[in-house]
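Visitor: I am attaching a structure below and will ask some questions about it afterwards.
The values are calculated or read from the model by the stated rules, or taken from the named source; none is laboratory data. Here the structure is a predicted model, which means the values were calculated and not measured. Positions of Cβ are generated from backbone atoms using ideal geometry, with glycine treated the same way; all protein chains shown enter the neighbour counts. Calculation scope for accessible area: heavy atoms of the full protein, side chains included, ligands and nucleic acids excluded. Shrake-Rupley method; radii C 1.70, N 1.55, O 1.52, S 1.80 Å.
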Amino acid sequence: MKELSLNVLDIAKNSTAAKATEINISLVTDAQGILTLTIADNGCGMDSETLKRVSDPFYTTRKTRKVGMGLPLLRLAAEQTGGALTVRSSKDEKDHGTVVTATFDTRHIDFSPVGDIVSSICVLISGNPDIDFVFLDETPERRVTLDTKELRAVLGDVSLAEYEVIEWIRKYLHSQYEKN
């Protein structure tokens with residue numbers, strides 16, 4: 001994928017398929033330019049056999065096609081910059097879910113740009129209005145955040161999928177990027 005925001009969409013979509021009720025997406029870049037992308041969910045988790053095979057492009061649990069390229073492509077993008085990908089998952093009844101973490105050296109010539117992360121977050125929320133999303137994009141210069149639980153507290157019964165709500169979210173996130 002040409003932009004990391006598309007990887008975020010793909011992996012978060014897997015979280016929704018795993019029946020997650022909360023998905024945390026964070027992009028944290030340190031002063032040395034190392035970006036850590038983390039997508040964590042409280043979905044059903046993966047068993048140990050699935051976890052072993054999850055980075056194999058010829059393994060997928062989907063019925064619609066026989067290949068699963070999301071994590072292998074993210075691993076490749078990370079490793080091309082000297083980074084890495086890890087996947088942890090648990091099916092434990094009390095502590096279930098999956099955490100995907102990828103690290104990238106943003107100064108490396110092969111670093112894929114983050115891309116339009118605001119649109120990716122808006123698509124995820126509008127397509128999954130009943131799931132709580134927590135978003136963080138932090139560098140030494142700026143901090144951009146959004147927590148849909150806070151929005152629900154204000155909006156009450158208004159769906160997060162409403163056009164006006166999504167447009168407000170888009171403008172809110174853009175304004176945080178612009179002021180930093």
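Visitor: Collect the residues in the range 31-51 that are within 30 Å of Glu141 (Cα to Cα) and either without any contact (Cβ under 8 Å) to a residue 40 or more places away in the chain or in a strand (DSSP E or B) (or both), keeping them in residue-number order.
Guide: Hits for the range 31-51 are Gln32, Ile34, Leu35, Thr36, Leu37, Thr38, Ile39, Ala40, Asp41.
Visitor: Here is a follow-up. From the list Ser15, Ser5, which residue is assigned to a helix (DSSP H, G or I), surrounded by 17 or more Cβ atoms within 10 Å (Cβ to Cβ) and at pLDDT 95 or above?
Guide: Ser5
Visitor: Taking the range 112-145 as the search range and keeping residues that are over 13 Å from the mean Cα position of the chain (by Cα) and part of a strand (DSSP E or B), which one is nearest to Lys19 (Cα to Cα)?
Guide: The extreme case among them is Thr145.
Visitor: If I filter the range 127-162 down to residues being crowded, with 18+ Cβ neighbours inside 10 Å and polar (S, T, N, Q), which single residue comes out as nearest to Val28 (Cα to Cα)?
Guide: The selected residue is Thr148.
Visitor: Go through the residues of the range 78-87 one by one and say whether even a single one is among the acidic types (Asp, Glu), in a strand (DSSP E or B), open to solvent by 30 Å² or more (accessible area, probe 1.4 Å) and at pLDDT 90 or above.
Guide: no
Visitor: Here's another thing I want to ask about it. I need a count of the residues in the range 88-111 that are surrounded by 14 or more Cβ atoms within 10 Å (Cβ to Cβ) and in a loop (DSSP other than H, G, I, E, B).
Guide: 2
Visitor: Evaluate the following for Arg75: is it without any contact (Cβ under 8 Å) to a residue 60 or more places away in the chain, of a type in the set (Lys, Arg) and touching a Leu at 6+ places or on another chain (Cβ under 8 Å)?
Guide: In short, yes.
Visitor: Shifting gears a bit: Is there a residue being touching a Pro at 6+ places or on another chain (Cβ under 7 Å) and at pLDDT 90 or above anywhere in the range 58-75?
Guide: The answer is no, given that none of the residues of the range 58-75 is touching a Pro at 6+ places or on another chain (Cβ under 7 Å) and at pLDDT 90 or above.
Visitor: When you check Val165 against the structure, is it more than 14 Å from the chain's Cα centre (by Cα) and either among the β-branched types (Val, Ile, Thr) or open to solvent by less than 70 Å² (accessible area, probe 1.4 Å) (or both), yes or no?
Guide: In short, yes.
Visitor: In addition: What number of residues in the range 18-56 are surrounded by fewer than 19 Cβ atoms within 10 Å (Cβ to Cβ), under 22 Å from Gly83 (Cβ atoms) and more than 16 Å from the chain's Cα centre (by Cα)?
Guide: 10
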